[in-house]
Structure formats: C-alpha cells, structure tokens
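The values are calculated or read from the model by the stated rules, or taken from the named source; none is laboratory data. Keep in mind that what you see is a predicted model, and the values were worked out from it rather than measured. Don't worry about glycine lacking a Cβ; one is built from the backbone with ideal geometry, like all the others, and counts go over all protein chains shown. Note: accessible area is taken over every heavy atom of the protein model, side chains too, but ligands, DNA and RNA are not part of it. Shrake-Rupley method; radii C 1.70, N 1.55, O 1.52, S 1.80 Å.
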Amino acid sequence: MTLLETVSGPVDSGELGLTLIHEHMRISSEPLRAQYPHLYDEAAERERAVAEVRRAMRHGVRTIVDPVAMDFGRDVRLAQHVVRETGVQLLMGTGLGYLPLPERFKRRDADYMADVFVHDIEEGIQGTEVKAAFLKCAVDEDGMTEHLDKVLRAIARASLRTGRPIMAHSHPANRSGLDEMAIFEEEGVDPGKVQIAHTGDTDDLDYIEELLARGPFIGMDRFGFDIVLSHRRRVSTVAELCRRGYADRMHLSQDAAATIDWFPPGWIERAVPNWHFTWLFERVLPDLREAGVTEEQIETMLERNPARWLSA
Ligand SMILES: [Zn+2]
C-alpha cells in the first residue's frame with residue numbers, strides 16, 4: 001500500500017473506495033476572477049460544490065480526484081471547505097491546462113517549470129500544506145505546439161523527480177493521446193503512471209487500442225457530456241473494451257463541474273442536462289451492466305484502477 005496525498009492529509013491507497021477520477025469542484029476563468037470578482041458569488045459556488053459532492057457520496061463515493069489546474073481556477077481553499085463540510089477524500093493536482101503559456105513560462109525552460117510543479121508536490125499548494133497527488137497537462141483541439149511540448153516535458157520531469165502519476169487531457173479527434181505518450185516515452189516516464197484523459201470522447205476503437213498498446217490508463221471520463229459523443233456510443237465503447245480485456249486500463253467519470261463559468265446560465269441544463277456528478281450511477285452503470293459489463297469489471301474501473309494509477 002502507498003500513502004496518497006489528499007486535501008485532508010495522506011491516505012492509504014487501499015482506503016480510496018469508490019472513486020470518481022475526474023470531477024471538478026469549480027471551473028472558473030482565472031483572469032476574470034482575479035480582475036472582476038464582482039462577477040462571482042463565492043458563497044453560492046461553495047454551496048453548490050458541497051451539494052454536488054454530497055449527492056455523489058449518497059451513491060457510495062468516498063474519493064474524488066479534481067484535476068482542475070492553472071487557468072481553470074484551481075483553489076485549494078474551496079477544496080478544503082468541501083472536505084470539511086462533506087468528509088470526502090479529495091485529491092488535487094498541479095500543472096497546466098492548454099491555454100496560451102504565461103509570459104513568465106514562455107521565456108524559461110522545462111526544468112524551471114518542473115521546479116514550480118515539484119513545489120506543489122513537496123511543499124504544498126497555494127501556501128497550504130495540501131500536497132498535489134498527481135500532475136496535470138493538456139493537449140486539446142489545436143494539437144501539440146512548441147509550448148505544449150515544453151509543458152509536457154516539464155510535467156514528465158516533475159513526475160520522474162517525485163514519482164507522482166500524470167493525467168494528460170487529450171482530444172481524441174486529433175489523436176493527441178499518442179503525441180502525449182511520445183513525449184512521455186522520450187522523457188523516460190513509465191507509461192503505467194500516465195492516464196490519457198477524455199479518451200472516451202471517441203468510439204474509434206483502432207485509435208483507443210493503439211493508445212492502450214503504449215501502456216497508459218485511459219479516461220472514459222465524460223459521461224453526460226453527450227454533445228461530443230452520445231451516451232449510447234460512450235456505453236458501447238466501454239462495454240466493447242471490457243469484452244476485449246481492458247477493464248483494468250479504464251477509468252469511469254464525468255468531468256462535471258459543480259459550477260463552471262464558461263457558459264451562460266441555463267446552457268448546461270438545456271444542452272447537456274446529464275452532465276453532473278451522479279449520472280454515472282443513475283444511468284451509466286445500469287446501461288453498462290445491460291451491455292454485459294460485470295460487477296467485477298465495474299469495481300475494477302471505479303475502485304481498483306484509481307488506486308493503481310495514483311500509486312503507480
Ligand atoms: Zn476536466
């Protein structure tokens with residue numbers, strides 16, 4: 001057993017229990033928040049995060065991994081509030097999203113950036129004792145760029161120095177999971193430490209198997225976000241991959257956010273009404289069972305794989 005860093009301190013990897021590997025307490029546009037705080041109702045955001053986590057816990061969830069990173073409003077104090085109110089085991093990461101690199105990082109090298117991330121793992125996040133449990137990076141629809149190449153190398157080096165696993169957001173439509181793996185391999189990262197998030201946004205089994213052959217975990221982690229891929233196709237993809245023997249490589253989650261400021265009020269309820277913290281339990285698991293996925297495979301994906309990836 002390995003000790004894993006949570007917001008409330010180290011927890012034995014055997015104690016994670018039912019785990020949502022990719023949900024957000026809040027997603028928020030960082031520059032707007034810093035400059036125009038009157039746009040935000042902090043108390044309402046906190047209340048909503050607590051309520052969403054409680055809803056998930058009623059389905060037996062004991063642990064949530066929140067991979068919110070820089071640019072998307074990572075906030076250790078919000079995380080601490082949720083943990084105090086709910087008792088959930090919450091894990092935070094350190095790293096970057098896919099937005100343009102800040103000027104400070106543009107003119108410094110990958111090792112400088114790795115030092116920044118290692119700080120969050122060894123010293124703590126945003127002036128607290130809360131340690132980052134994993135590293136986060138992202139390649140999205142624009143694909144790999146010179147700057148993202150540097151970010152991924154910095155993340156890889158921080159992982160090599162600390163042993164922490166990596167979650168890499170990907171955009172399957174441009175097969176960017178493979179580009180991410182190429183950089184991690186070049187830098188010498190053990191592929192078993194890597195999770196390629198959002199792989200479940202495609203049902204292209206050839207791509208997914210090509211990616212799995214490189215050795216990472218994959219995130220089938222956007223259930224409910226049905227405008228990218230329908231619920232039916234998400235379910236049949238996971239069921240088919242289970243049939244092909246990959247239950248021990250997949251994570252199930254929703255990538256939902258208790259609050260997100262990217263969309264005007266009412267948009268989520270209209271466009272993606274199933275995108276919330278408990279869709280997995282209400283509809284996805286029943287449909288996976290119906291499609292032939294066994295209880296043991298579900299337990300592997302929701303309990304064993306999170307512990308295996310986090311303690312890899
Ligand atoms: Zn996310």
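Key figures for this structure:
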| item | result |
| --- | --- |
| Residue that is least open to solvent (accessible area, probe 1.4 Å), among those in the range 1-18 that are among the hydroxyl-bearing types (S, T, Y) and outside any strand (DSSP E or B) | S13 |
| Residue list for the range 68-84, restricted to those being away from the ligand (no atom under 16 Å from the Cβ), open to solvent by 20 Å² or more (accessible area, probe 1.4 Å) and either under 10 Å from R46 (Cβ atoms) or not in a helix (DSSP H, G or I) (or both) | R77, H81 |
| Exclusive hit being acidic (D, E), closer than 22 Å to G127 by Cα and out of contact with any helix residue (DSSP H, G or I) (no Cβ under 6 Å at 6 or more places or on another chain), set E85, E15, E47, E5 | E5 |
| Index of the failed condition, V228 passing every other in (1) without any contact (Cβ under 8 Å) to a residue 40 or more places away in the chain; (2) more than 14 Å from I21 (Cβ to Cβ); (3) open to solvent by less than 20 Å² (accessible area, probe 1.4 Å); (4) of a type in the set (V, I, T) | (3) |
| Listing of strands (runs of 3 or more DSSP E) fully contained in the range 105-219 that carry 2 or more residues being in contact with a strand residue (DSSP E or B) (Cβ under 9 Å, 6 or more places away or on another chain) and over 22 Å from R244 (Cβ atoms) | 134-138, 166-169 |
| Residue within the range 35-50 that is in a strand (DSSP E or B) and closer than 22 Å to Q89 by Cα present | no |
| Meets criteria (on the phi < 0 side of the Ramachandran plot and assigned to a loop (DSSP other than H, G, I, E, B)) for H59 | yes |
| Test: residue in the range 231-250 that is open to solvent by 10 Å² or more (accessible area, probe 1.4 Å), in contact with a strand residue (DSSP E or B) (Cβ under 7 Å, 6 or more places away or on another chain) and either within 16 Å of the ligand (Cβ to nearest atom) or of a type in the set (D, E, K, R) (or both) | yes |
| Of all residues in the range 114-160 being open to solvent by 60 Å² or more (accessible area, probe 1.4 Å), within 20 Å of F72 (Cβ to Cβ) and charged (D, E, K, R), the one that is nearest to the chain's Cα centre (by Cα) | E141 |
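Listed here are the residues, each with its yes/no results for (1) among the hydroxyl-bearing types (S, T, Y); (2) closer than 16 Å to G9 by Cα; (3) modelled with pLDDT of 95 or more.
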position: V65; (1), (2), (3): no, yes, yes
position: R74; (1), (2), (3): no, no, yes
position: R84; (1), (2), (3): no, yes, yes
position: V88; (1), (2), (3): no, yes, yes
position: M92; (1), (2), (3): no, yes, yes
position: Y98; (1), (2), (3): yes, no, no
position: K106; (1), (2), (3): no, no, yes
position: A110; (1), (2), (3): no, no, yes
position: D120; (1), (2), (3): no, yes, yes
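Here is a yes/no grid of residues against (1) under 20 Å from Q254 (Cα atoms); (2) among the acidic types (D, E); (3) within 16 Å of the ligand (Cβ to nearest atom); (4) without any contact (Cβ under 8 Å) to a residue 24 or more places away in the chain:
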{"site": "K106", "(1), (2), (3), (4)": "no, no, no, no"}
{"site": "D120", "(1), (2), (3), (4)": "no, yes, no, no"}
{"site": "K150", "(1), (2), (3), (4)": "no, no, no, no"}
{"site": "A158", "(1), (2), (3), (4)": "no, no, no, no"}
{"site": "A182", "(1), (2), (3), (4)": "no, no, no, yes"}
{"site": "E185", "(1), (2), (3), (4)": "no, yes, no, no"}
{"site": "I196", "(1), (2), (3), (4)": "yes, no, yes, no"}
